[in-house]
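Student: One structure follows; several queries about it will come next.
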Amino acid sequence: MRDYGFGSVGTPIGKPTWKAATDAPDCPNCGGQLCSVELLVENAQLKGGVGNAHYLGCPACPWASPAVVASCGKAKEE
């Protein structure tokens, strides 16, 4: 995952999910429609060690915004 100088948001768990972000601006790199991406991550700094990372990404080029991570409030189920 990209860290944009903010440090790692965590270790990805599973596959990301996405949907078209119709209320977002166009991609600043190529002008394509951005997608809202959600990904479960492990991060020791989060309550329970697991959280949801949310960011905007472009399906047509490598552009992606920094991720915002919120704790799930529970530990990862094994």
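Student: Of the numbered conditions (1) at positive phi; (2) modelled with pLDDT of 90 or more, residue 14 satisfies every one except a single condition; which is it?
Tutor: The single condition residue 14 does not satisfy is (2).
Student: Would you mention how many residues in region 27-54 are more than 14 Å from the chain's Cα centre (by Cα) and at pLDDT 95 or above? Even if it seems obvious, please write down each step before you answer.
Tutor: Here is the first cut: in region 27-54, the residues more than 14 Å from the chain's Cα centre (by Cα) are 27-33, 44-49.
Those left that are additionally at pLDDT 95 or above: 27-33.
Here the count works out to 7.
Student: Working carefully through the options 41, 50, find the one that is within 16 Å of residue 11 (Cβ to Cβ), touching a Leu at 6+ places or on another chain (Cβ under 9 Å), among the aliphatic types (A, V, I, L, M) and surrounded by 19 or more Cβ atoms within 10 Å (Cβ to Cβ). Spell out how you get there, then give the answer.
Tutor: Values: 41 fails: touching a Leu at 6+ places or on another chain (Cβ under 9 Å).
When all the criteria are applied, what remains is 50.
Student: Let me ask another. Hey, among the residues in region 55-73 that are in contact with a helix residue (DSSP H, G or I) (Cβ under 8 Å, 6 or more places away or on another chain) and within 17 Å of residue 11 (Cβ to Cβ), which one's modelled with the highest pLDDT? Step through it out loud before you land on a result.
Tutor: Keep residues of region 55-73 that are in contact with a helix residue (DSSP H, G or I) (Cβ under 8 Å, 6 or more places away or on another chain), which gives 71-73.
Of the ones still in play, those that are also within 17 Å of residue 11 (Cβ to Cβ) are 71-72.
On the way: 71: 89, 72: 82.
Filtering first and then ranking leaves 71.
Student: Okay, next question. Assuming residue 19 fulfils every condition listed in (1) surrounded by 12 or more Cβ atoms within 10 Å (Cβ to Cβ); (2) of a type outside the set (Gly, Ala, Ser); (3) at pLDDT 95 or above apart from one, which condition is it?
Tutor: If we test residue 19 against (1) surrounded by 12 or more Cβ atoms within 10 Å (Cβ to Cβ); (2) of a type outside the set (Gly, Ala, Ser); (3) at pLDDT 95 or above, just (1) comes out false.
The values are calculated or read from the model by the stated rules, or taken from the named source; none is laboratory data. Model, not experiment: these values are computed from the prediction. Ideal geometry is used to build each Cβ from the backbone, glycine not excepted, and the neighbour counts take in all protein chains shown.
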